[in-house]
Amino acid sequence: MPVVLGIETSCDETAAAVVDGNYHVLSSVIESSIDQHRVFGGVVPELAGRAHVTTLGPVVARALADAGLDPRHPAIDALAVTSGPGLIGSLLVGLSAAKAYALGWGVPFVGVNHLEGHLFAPLLDQPDLEWPVLTLLVSGGHSLIVRQTGPGHHQVLGETIDDAAGEAYDKVARWLGLGYPGGPEIDRLAQSGDAAALKLPVSMTGSGFDLSFSGLKTAVVRATEKHPEVALGDVAASFQAAVAEQLLRKLRGAIEHYDVAGVALAGGVAANSALRAGVRALGEEFALACHLPSIEMCTDNAAMIAAAGLFRFGADGPSPFTLSASPNWQLAEVS
Ligand code: KG4
Ligand code: ZN
C-alpha cells in the first residue's frame, strides 16, 4: 500500500501529514504563525514565509515520527506538496523543501493544487463516498461551488466575482473592531444576535452560480453608520444570515439543476455554524449524503494535500524538478 507525505505552506499554516493509499490519515501536524499576524489584521506574506523556514523541518519530522516512520530515512513512496495557489514566498519554502527531501530520500514528488486539496478533505472521513458531490469551497482566499463526479474530476460551476466569503468575514470583523481572523468571532457573536435587526441585501440572486460578498460588506458599513444603536451581536447575526443565505441559495439551485448524491463543505468558512446547519438541512430535504469534514480537515492541513497527491501521482505521474510555484493557479486549470 503506497504511503505519501504531504506538505502544505501556501498561507500561514505550516503542515505535514502522512496518508496511505486508502486515504487513511496516519499523522497530521499543523503549526500556524497566525499570532504574528494578528496585530496587522491579516497575514503578512514576508512573516509567513520566514515562519515556514524555521517551522517546516520540525513539523515534517514530527509527522513522520507520529506515523511510525524514521524521520531520517522514511519508508514513503512519494511526496505531495502544495505548489499553488497561495503566497509566492510561502509556496517556495514548501516546494523547495519537498524537492530537497525527494532528492535526499530518492522518492518522487508531485505538485498539488491547494484548492483540489480542499476537495479531498471529505474523502479522508469517508473514502467510499458516493459521487457526484456538490461542494461549497469557502475560505479566506477563495469561494467556489464545484461539482465533483469522482476524485480529481471536478467542474467549477461558479465562484466569487470579488471578495471571498472568509475575506468578507475578516473585513467586517475589522470594521466592527473585532480580532483577526474575524470568522470565528462573528460566528460566536451571532449565536445570541437577532438576524432580522439589520436589513442587508442577498447578492447574486440571479440564475447563475457565481458569488459576490463585496457589496454585502459595504452594506454592513453603511447600515451600522446609519444605525449605530444596533448591538454587535445583532450586526453579526444579520451579516452571517446574509452570507449563509447567498451560499445556500446557490447550493439549492445547483442541487435542483444537477443530478447529485451528496453535498459537502470545505475551506475555513466551512467551520461556520450557520452554514453547517444549512447544508445539513438541505441534505435532509433532498435526501442527499452530507459531508461536513472536521474543522481540522476543513481548514488548511497537509492530509488533504497528501490525499490529492496520491490521486495526482497515480493519474499524472511525478512532477519534474523544474516545477515552479504558481501563486494564481486556478482550480479550473487542473487537468
Ligand atoms: O481555509 P482557511 O483556513 O485559510 C484560507 O483562507 O485558505 O480559511 C480561513 C478563513 C478566514 O477568513 C476565517 O475568518 C474563516 O476562514 N473562518 C470562518 C469561521 N472560522 C474560520 N468564517 C466564518 N465562520 C467561522 N466559524
Ligand atoms: Zn485553504
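The values are calculated or read from the model by the stated rules, or taken from the named source; none is laboratory data. Since we're looking at a predicted model, the values are computed, not measured. Note that each Cβ is placed from the backbone with ideal geometry, even for glycine, and that neighbours are counted across all protein chains shown. Areas reflect the complete protein model, heavy atoms only, side chains present, ligands, DNA and RNA absent. Shrake-Rupley method; radii C 1.70, N 1.55, O 1.52, S 1.80 Å.
Restricting to the range 200-213, count the residues that are among the β-branched types (Val, Ile, Thr) and within 16 Å of ligand 1 (Cβ to nearest atom). Give the derivation first.
Of the range 200-213, the ones among the β-branched types (Val, Ile, Thr) are 202, 205.
Filter again for within 16 Å of ligand 1 (Cβ to nearest atom), leaving none.
Matching residues across the range 200-213 total 0.
Hey, residue 277 hits all of (1) in contact with a helix residue (DSSP H, G or I) (Cβ under 7 Å, 6 or more places away or on another chain); (2) within 16 Å of ligand 1 (Cβ to nearest atom); (3) of a type outside the set (Val, Ile, Thr) but one; which does it fall short on?
Condition not satisfied by residue 277: (1).
Within the range 12-56, track down each residue that is out of contact with any strand residue (DSSP E or B) (no Cβ under 8 Å at 6 or more places or on another chain) and closer than 30 Å to residue 128 by Cα.
Scanning the range 12-56 gives 22, 23, 24.
Go through (1) at pLDDT below 95; (2) within 15 Å of ligand 2 (Cβ to nearest atom) for residue 125 and report which single condition fails.
Tallying (1) at pLDDT below 95; (2) within 15 Å of ligand 2 (Cβ to nearest atom), residue 125 fails exactly one: (2).
Looking at the range 1-45 only, could you name the residues that are away from ligand 1 (no atom under 16 Å from the Cβ) and among the aromatic types (Phe, Trp, Tyr)?
Answer for the range 1-45, where residues must be away from ligand 1 (no atom under 16 Å from the Cβ) and among the aromatic types (Phe, Trp, Tyr): just 23.
Going through the range 166-177 one residue at a time, which ones are out of contact with any Gly (no Cβ under 8 Å at 6 or more places or on another chain) and buried (at least 20 other Cβ atoms within 10 Å of the Cβ)?
Within the range 166-177, just 168 meets the criteria.
Results for (1) open to solvent by 30 Å² or more (accessible area, probe 1.4 Å); (2) away from ligand 1 (no atom under 16 Å from the Cβ); (3) of a type outside the set (Val, Ile, Thr); (4) in a loop (DSSP other than H, G, I, E, B), shown as yes or no for each residue.
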site: 189; (1), (2), (3), (4): yes, no, yes, no
site: 198; (1), (2), (3), (4): no, yes, yes, yes
site: 215; (1), (2), (3), (4): yes, yes, yes, no
site: 222; (1), (2), (3), (4): yes, yes, yes, no
site: 225; (1), (2), (3), (4): yes, yes, yes, no
site: 233; (1), (2), (3), (4): no, no, yes, no
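Could you say which residue among 155, 148, 191 is closer than 15 Å to residue 239 by Cα and not acidic (Asp, Glu)? Full working, then the answer.
On the way: 155 fails: closer than 15 Å to residue 239 by Cα; 148 fails: closer than 15 Å to residue 239 by Cα.
Result: 191 is the single residue among 155, 148, 191 that is closer than 15 Å to residue 239 by Cα and not acidic (Asp, Glu).
One line per residue, one yes/no per condition, for (1) within 16 Å of ligand 2 (Cβ to nearest atom); (2) not aromatic (Phe, Trp, Tyr):
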site: 175; (1), (2): no, no
site: 179; (1), (2): no, yes
site: 183; (1), (2): yes, yes
site: 187; (1), (2): no, yes
site: 207; (1), (2): no, yes
site: 213; (1), (2): no, no
site: 216; (1), (2): no, yes
site: 224; (1), (2): no, yes
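Looking for something within 16 Å of ligand 2 (Cβ to nearest atom) and farther than 17 Å from residue 17 by Cα - is there at least one such residue anywhere in the range 93-113?
No, the range 93-113 has no match at all.
Quickly run through the range 235-282 and pick out the residues that are surrounded by fewer than 22 Cβ atoms within 10 Å (Cβ to Cβ) and assigned to a strand (DSSP E or B).
Within the range 235-282, 262 is the sole residue that qualifies.
Examine the range 288-307 for a residue that is more than 14 Å from ligand 1 (Cβ to nearest atom) and not assigned by TED's automatic domain parsing to the domain that holds residue 167, and state whether such a residue exists.
Yes, some residue in the range 288-307 is more than 14 Å from ligand 1 (Cβ to nearest atom) and not assigned by TED's automatic domain parsing to the domain that holds residue 167.
So for the range 21-31 (the condition being within 16 Å of ligand 2 (Cβ to nearest atom), open to solvent by 60 Å² or more (accessible area, probe 1.4 Å) and without any contact (Cβ under 8 Å) to a residue 40 or more places away in the chain), does at least one residue qualify?
yes
From the residues in the range 283-299 that are over 15 Å from residue 25 (Cβ atoms) and either outside any helix (DSSP H, G or I) or touching an Asp or Glu at 6+ places or on another chain (Cβ under 8 Å) (or both), which one is farthest from ligand 2 (Cβ to nearest atom)?
Going through the qualifying residues, I end up with 287.
Any residue in the range 313-329 that's over 22 Å from residue 77 (Cα atoms): show its pairings with residues that are open to solvent by 60 Å² or more (accessible area, probe 1.4 Å) at Cβ separation under 8 Å, as long as the two are six or more apart or on different chains.
325/88; 325/92; 327/88
Is it the case that the range 135-148 has a residue that's within 16 Å of ligand 2 (Cβ to nearest atom), under 19 Å from the mean Cα position of the chain (by Cα) and over 28 Å from residue 276 (Cβ atoms)?
no
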